[in-house]
Amino acid sequence: MMPIINWSLIAPEVIVCIAAVVVMLVDAFARPTQRWITGTISLVGIVAGAISTIWLWSTGPSTADAFNGMIVLDELRLGFTLIFLLVSGLTLLISTVWVDGENLPAGEFHSLLLFATVGMMLMASGNDLVIVFLGLEILSIATYVMAGFRRTDVRSNEASLKYFILGSFSSAFLLYGIALIYGATSIAEPGSRVIGGTTNIAEIAARIGQAQYPALLFAGAAMMLVGFGFKIATAPFHIWTPDVYEGAPTPVTAFMAAGPKA
């Protein structure tokens, strides 16, 4: 059975993603004196994403049937989407002078910022652990590069490298935890028939009481907490924060301290 695809449910993510691609294309052909164009396109994409989010809010909250239930549409998702867009918009505005002053490639920075925003939005809209992991990795990879955006600065390079190594380590914990939860949520039906596990958050909640391997469920949840703990820098998984926040450019540090934490 083919899944139902309803692109309107992920309209904000699609709009911001298209804006990021357009920024890359424009940056490839624009002259150095036209650097302001990519910032304008990025801001327009963020505003358009916010408008589409408000439009989705007006349609009424519901669990999306499209994409095999992997996308959710409720106030929590839409509220956090607006927060992410606001944080990205403010970061874009405060970084304009910095990008010009440092003589850095504006188009690359703006596209990375938009892709990081898309990753956060996917995490908020995900009703499946696969979507959550996909959004987290899109966000993480973009912020790894943004942390080391001052390529000639040793401290910025150090920040990016440390963030990349520890971030990859935490991603492995998170992914292994998801795998354990998938295995733990397999259930047995009458007649010795076993139904495979699931990564859908709603189905996981429904199967917790019937899980065949409760120990795996607890182990998977613990490993996921470790993975998320690294990403949001909660104690005792915050050891990377001082070096990364000190070495990363100030607009990037402001973005990392607000958006990804939310």
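Rg to Rh ratio, the stretch 149-262, alpha-carbon atoms and Kirkwood radius?
Answer for the stretch 149-262: 1.17.
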note = With T = 10 °C, eta = 1.306 mPa s and Kirkwood Rh from C-alpha pairs, the Stokes-Einstein D of the stretch 52-172 in µm²/s is about 101 µm²/s
key: Distance (nanometres) between label positions extended 7 Å along Cα→Cβ at A222 and N6   = 4.0 nm
inquiry  = Among 215-228, 91-104, 41-54, 117-130, how do they line up by average Cβ neighbours within 10 Å per residue, starting with the highest?
reply    = 117-130, 41-54, 215-228, 91-104
request  = Considering Cα pairs under 8 angstrom that are at least six residues apart, work out the relative contact order of the chain and quote it in whole percent.
outcome  = 18 percent
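Give me the percent of accessible area attributable to carbon and sulfur for the chain, probe 1.4 angstrom.
Percent of accessible area from carbon and sulfur atoms in the chain: 72.
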note = So for the stretch 108-166, using the alpha carbon gyration tensor with a ≥ b ≥ c as root eigenvalues (a/c under 1.5 gives rounded; past that, a/b versus b/c decides prolate or oblate), I'd call it oblate
query = Given 0.36 nm per residue, what is the gain on full extension from D100 to E203 after removing their alpha carbon distance, in nm?
reply = 32.2 nm
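Can you give the accessible area per residue of the chain, in Å², using a 1.4 Å probe?
On a per-residue basis, 49 Å².
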task = Give me the distance in nm between label points sitting 7 Å out from Cα along the Cα-to-Cβ direction at V154 and I232, one decimal.
result = 3.6 nm
request  = Could you list the square roots of 5 times each eigenvalue of the Cα gyration tensor of the chain, that is, the equivalent ellipsoid semi-axes, sorted largest first and rounded to whole Å?
outcome  = 36, 24, 13
Approximate spin-label separation T40-L161, in nm, with each point projected 7 Å along Cα-to-Cβ = 4.1 nm
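The values are calculated or read from the model by the stated rules, or taken from the named source; none is laboratory data. Predicted model, so just to flag it, every value in this text is computed and none were measured. FYI the Cβ positions are ideal-geometry reconstructions off the backbone, even for glycines, and counts take in every protein chain you see. These area figures cover heavy atoms from the full protein model, side chains too; ligands, DNA and RNA do not enter into them. Shrake-Rupley method; radii C 1.70, N 1.55, O 1.52, S 1.80 Å.
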